[in-house]
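The values are calculated or read from the model by the stated rules, or taken from the named source; none is laboratory data. Values in this document were obtained by computation on a predicted structure and should not be read as measured data. When we count neighbours, we look across all protein chains shown, and the Cβ atoms used for this are built from the backbone with ideal geometry, even at glycine.
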Amino acid sequence: MGMLSVQRVLSGQLAYRNFLLRPPEPAPQLLVSNPASSIYIGKTLLLHTPFYWNAEKLVNPHVCVVGITGSGKSYLVKTFITRARLVLGASALILDWAGEYADWVRAAGGRVISFGSDGINLLDTGGASPHARSLQVISALEMLTDISSFPAQRRITELAIEKAYARRGFALHKEGQKRKPPTLEDVCKILSRHPKGDSDSAEAARRIRSLLLSSGKSFSAQTISIDSLLSGLICVDLHSLPMESLRSLAGLAILQFVKEKMRASRYSPSKPRLFIVVDEAWKIASDERSDVVSIVREGRKYGFSLIVASQNPTDVHKSIFSNAGTVFAFRLTLASEREYLRSSLSYSDYFEACSHRMGVGQALVHLEFSMPVQCPKNFILERVDGEEILQPFAIRGGNMELSFEKGELLRRLLSAGFDEKQSRAILSEFERKSFSLTSREFASLLLRLGMPRPAILSFLRELGAKEKELLPVFSSISDEEEEVAVSLKGLKEKKQKGDGYASKDRGNPRI
Ligand SMILES: Nc1ncnc2c1ncn2[C@@H]1O[C@H](COP(=O)(O)OP(=O)(O)OP(=O)(O)O)[C@@H](O)[C@H]1O
Ligand SMILES: [Mg+2]
């Protein structure tokens, strides 16, 4: 039988007994808020305290999200925006680099604007003076091209833009003029009329011409109304623009217009009314001159909140990272990236150890409170408690028409021998392709993850495919493609030793 005995111990020794220490989590009154005015995200790992994101308790409403591919960044953003719209009645503008939000926005009743078929006139003043607008356009070109190394070309281009405005009757320094703005085509014409032998003008004209050629009408015809971008749930789908620099130019231009609108709007610091999502836009998130930084600095006053998501924290400019009131750090694998995170957020060895083991949807959260606090500002989020739109995942091809609910497909992939990371990657591919893959795409994806052909056919049978529907599945997958898959599999087996599908013994399923 146990006996209670009184002992003499020093306070230093007591400190090692965990039951007397508060786990490293912010105090519950900082994490829990009224559900009618805050956004529920998930529970903390240690005390299971529900975490409600409440802008009023934070120094500003900006959010930074980092983590490796497939770690759960976009899932968090979608959950966050869905609830922000419901609870706060806020609007959201998503600049979608990879086209991964478009389907979700449509399913959630929002509007998708596709760059390429729609566009903006880069020279639309958006209420600013023509002089200010030409400086913004030049600054965007400086961020995205090497024009700053050629000061003569930069000056000639700026003068040509101003001349194009003057030809349309604009006063250079007057704001809010209601006239039809010139276009980049007008600028190109002005630059093309250079005196013979003027190589700088010729080069400046070539620069604008090649921009126009590669972007079609995306930057010269204004079909998108900037005002309409600021209310409701809007996704600007940039993925059909052919180059990263064009996507960045479109993103920068939209942010410049948004910033002008923001500055002209009423002062409203109490709660966020517009969330601007910039996901994987490393070129514009890493440059201090970009308006992402201005919105972070000034947005709070106007109720504008910025959500920046990136796979690599070093791609997010320090002033965004250190100014964001909330940081969600999902799993990061590179030591250099974790060091950057740690130097920015200064957290203990405990969090460092946890960050190695984090699964999908789990994140280290850093909160910068508006009031000074004595408790920790970091905690581990057990998992983002998500908001999913019920969308069936389909495998189609010939007469094959298989359809699954997400959880069911995930279970089937796990029981077929894929590990969680591989299964989530397969689900992400479905999401990227509007929730539907052809049987050939599905088979080639499994092949790339190391599943042999016979096993893929058996798996498709298990999923419900008929014998005659299986015949064309591999007909167009080239031997070359399979060789790549096989060598990938070999590499993986060497690297992973016992992890995931590639190393599991699948026997020899029948063909
Ligand atoms: N908290 C979660 N609960 C359930 N499923 C999740 C959670 N987080 C992510 N997932 C699932 O994991 C997969 C990958 O998530 P997500 O697309 O958000 O990754 P990501 O970090 O945005 O990746 P990428 O950088 O490649 O865009 C998706 O199928 C998503 O539905
Ligand atoms: Mg994503």
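What helices (runs of 4 or more DSSP H) completely inside segment 17-126 contain at least 3 residues that are surrounded by 20 or more Cβ atoms within 10 Å (Cβ to Cβ) and in contact (Cβ under 8 Å) with a residue 12 or more places away in the chain?
Here the list reads 73-83, 102-107.
Go through the residues of segment 53-71 one by one and say whether even a single one is of a type in the set (A, V, I, L, M, F, W, C), modelled with pLDDT of 90 or more, away from ligand 2 (no atom under 16 Å from the Cβ) and more than 28 Å from Ala285 (Cβ to Cβ).
Scanning segment 53-71 turns up no residue that is of a type in the set (A, V, I, L, M, F, W, C), modelled with pLDDT of 90 or more, away from ligand 2 (no atom under 16 Å from the Cβ) and more than 28 Å from Ala285 (Cβ to Cβ).
Would you mention how many residues in segment 387-427 are in contact with a Pro (Cβ under 7 Å, 6 or more places away or on another chain) and within 16 Å of ligand 1 (Cβ to nearest atom)?
Residues flagged as in contact with a Pro (Cβ under 7 Å, 6 or more places away or on another chain) and within 16 Å of ligand 1 (Cβ to nearest atom) within segment 387-427 amount to 2.
Going through Ser218, Ser294, Ser319, Ser214 one at a time, which residue ends up being more than 16 Å from ligand 1 (Cβ to nearest atom), within 26 Å of Thr183 (Cβ to Cβ) and under 20 Å from the mean Cα position of the chain (by Cα)?
The unique qualifying residue is Ser294.
Applying the selection to segment 389-409, what residues are modelled with pLDDT of 90 or more and either part of a helix (DSSP H, G or I) or within 16 Å of ligand 2 (Cβ to nearest atom) (or both)?
Once the filter is applied, which keeps residues that are modelled with pLDDT of 90 or more and either part of a helix (DSSP H, G or I) or within 16 Å of ligand 2 (Cβ to nearest atom) (or both), segment 389-409 yields only Leu409.
Could you list, in sequence order, all residues of segment 167-192 that are small (Gly, Ala, Ser) and without any contact (Cβ under 8 Å) to a residue 24 or more places away in the chain?
Listed by number, the residues that qualify are Gly169, Ser192.
Being under 19 Å from Ser117 (Cα atoms) and not charged (D, E, K, R) is the filter here, so list the residues in segment 200-217 that pass it.
Hits for segment 200-217 are Ser210, Leu211, Leu212, Leu213, Ser214, Ser215, Gly216.
Could you name every one of the helices (runs of 4 or more DSSP H) located completely within segment 184-287 that has at least 1 residues being buried (at least 18 other Cβ atoms within 10 Å of the Cβ) and within 16 Å of ligand 2 (Cβ to nearest atom)?
244-264, 282-285
Output the residues belonging to segment 402-451 that are in contact (Cβ under 8 Å) with a residue 40 or more places away in the chain and more than 23 Å from Phe474 (Cβ to Cβ).
Asp419, Glu420, Lys421, Arg424, Ser428, Glu431, Ser434, Phe435
Of the residues that sit in segment 428-470 and are part of a loop (DSSP other than H, G, I, E, B) and of a type in the set (A, V, I, L, M, F, W, C), which one is surrounded by the fewest Cβ atoms within 10 Å (Cβ to Cβ)?
Step by step, filter segment 428-470, then rank; the result is Phe435.
Report yes if some residue within segment 411-421 is outside the structural domain of Ser71 (by TED's automatic domain parsing) and either within 16 Å of ligand 2 (Cβ to nearest atom) or under 30 Å from Ser322 (Cα atoms) (or both); otherwise report no.
Taking every residue of segment 411-421 in turn, at least one turns out to be outside the structural domain of Ser71 (by TED's automatic domain parsing) and either within 16 Å of ligand 2 (Cβ to nearest atom) or under 30 Å from Ser322 (Cα atoms) (or both).
Restricting the search to segment 164-178, which residues are modelled with pLDDT of 90 or more and either exposed (fewer than 15 other Cβ atoms within 10 Å of the Cβ) or hydrophobic (A, V, I, L, M, F, W, C) (or both)?
Within segment 164-178, Ala164, Ala166, Arg167, Gly169, Phe170, Ala171, Leu172, His173, Lys174 qualify.
Please state which of the following conditions Phe304 fails to meet, knowing it meets all the rest: (1) surrounded by 21 or more Cβ atoms within 10 Å (Cβ to Cβ); (2) more than 16 Å from ligand 1 (Cβ to nearest atom); (3) within 26 Å of Pro50 (Cβ to Cβ).
Against the list (1) surrounded by 21 or more Cβ atoms within 10 Å (Cβ to Cβ); (2) more than 16 Å from ligand 1 (Cβ to nearest atom); (3) within 26 Å of Pro50 (Cβ to Cβ), Phe304 comes up short only on (3).
Taking the stated definitions as given, is Ile161 under 22 Å from Thr223 (Cα atoms), free of Cβ contacts under 8 Å to residues at least 40 places away in the same chain and β-branched (Val, Ile, Thr)?
So Ile161 fits the description; yes.
When residues of segment 127-145 are filtered for being crowded, with 18+ Cβ neighbours inside 10 Å and farther than 25 Å from Ser210 by Cβ, how many remain?
Going through segment 127-145 one residue at a time, the tally reaches 3.
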